[in-house]
């Protein structure tokens, strides 16, 4: 929560209270016109109402933004913890409930299904990607003579005895 915002609005309301109480004291002094002092008090009270209304209207947005962030964070966190296969278990349980109620199935689960085949596929795919990434980032080979001289030939320059395409 935004504690400093509450402290500021509390301090402001306290200042309004002090001002209203001072105006009330002035009302009892015959030197001042009572109606003018009451008018001033009502103006201060209206100002307080406007400030508080503005604060709480805007604070509602701040609270809503915080709540959205918290719910989104929890949903993403729960999603990361959830196993992919939980979906299959939920569908299976739902279909068993439908079967007990005598309703037709919505989904047909394959008997003796290998649940880990997708994991194996994903693992093989990531290994292939790693290998191809390594191949792309390897430096070009140099001949022994080039490495001794410190001069590298460009890929388009043919070696001695090679023909240009």
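The values are calculated or read from the model by the stated rules, or taken from the named source; none is laboratory data. Just so you know, these numbers come straight off a predicted model, no measurement behind them. When we count neighbours, we look across all protein chains shown, and the Cβ atoms used for this are built from the backbone with ideal geometry, even at glycine.
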Exercise. Name, by its number, the condition in (1) surrounded by 10 or more Cβ atoms within 10 Å (Cβ to Cβ); (2) closer than 30 Å to residue 2 by Cα that does not hold for residue 79.
Key: (1)
Quiz prompt | Every residue from region 33-60 that is surrounded by 14 or more Cβ atoms within 10 Å (Cβ to Cβ) and over 26 Å from residue 6 (Cα atoms) | solution = 37, 40
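Quick grid of which residues meet (1) at pLDDT 85 or above; (2) part of a helix (DSSP H, G or I); (3) exposed (fewer than 10 other Cβ atoms within 10 Å of the Cβ):
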| position | (1), (2), (3) |
| --- | --- |
| 63 | no, yes, no |
| 67 | yes, yes, no |
| 72 | yes, yes, no |
| 83 | no, no, yes |
| 94 | yes, yes, no |
| 110 | no, no, yes |
Practice problem: Check 42, 28 and return the single one that is at pLDDT 85 or above, assigned by TED's automatic domain parsing to the domain that holds residue 8 and over 35 Å from the mean Cα position of the chain (by Cα). | Solution: 42
Practice problem: Could you grab the pairs with beta carbons closer than 8 Å, sequence gap of 6+ or different chains, first residue in region 60-77 and touching a residue at least 24 places away in the same chain (Cβ under 8 Å), second one surrounded by 10 or more Cβ atoms within 10 Å (Cβ to Cβ) and assigned to a helix (DSSP H, G or I)? | Solution: 62/5
